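Report on the following structure.
What follows is calculated from the coordinates using simple rules that are stated; it is not laboratory data. Keep in mind the model is a prediction, meaning the values are calculated, not measured. Note that each Cβ is placed from the backbone with ideal geometry, even for glycine, and that neighbours are counted across all protein chains shown.
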Amino acid sequence: MEIRATGSIQPTQNVRLTGGVTGIDKSSQTQSLNIVDQVDISAEARAASQIDQASESRAARIAEIKSQIADGTYETEQKLNTAVDRLLDQFA
């Protein structure tokens, strides 16, 4: 990967006011402003959040299955029958 500069960087410069500030209504300075912060979350960010949540629940499920396998309680008659039925459905 190669990154190329798009332009030169200029050094900072001092800012000098050349005149007074005009156009401010002094009566409005005493009024309080009702400013509300707002955050917009993109659809991509929402989807990424859901993936993170799904991976956490998936990790918990994997840990549960590993524990069942270690205990010898994972393979049950019902699970084996379900697996055989699904396998036979694929060939039918």
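Lys/Arg Cβ at +1, Asp/Glu Cβ at -1, dipole of segment 32-92 taken about the Cα centre: which of 35, 84, 47 is farthest positive-ward? After comparing all options, I get 84.
Over all other residues within a Cβ to Cβ distance under 11 Å of residue 74, the charged ones net out to -1, with Lys and Arg as +1 and Asp and Glu as -1.
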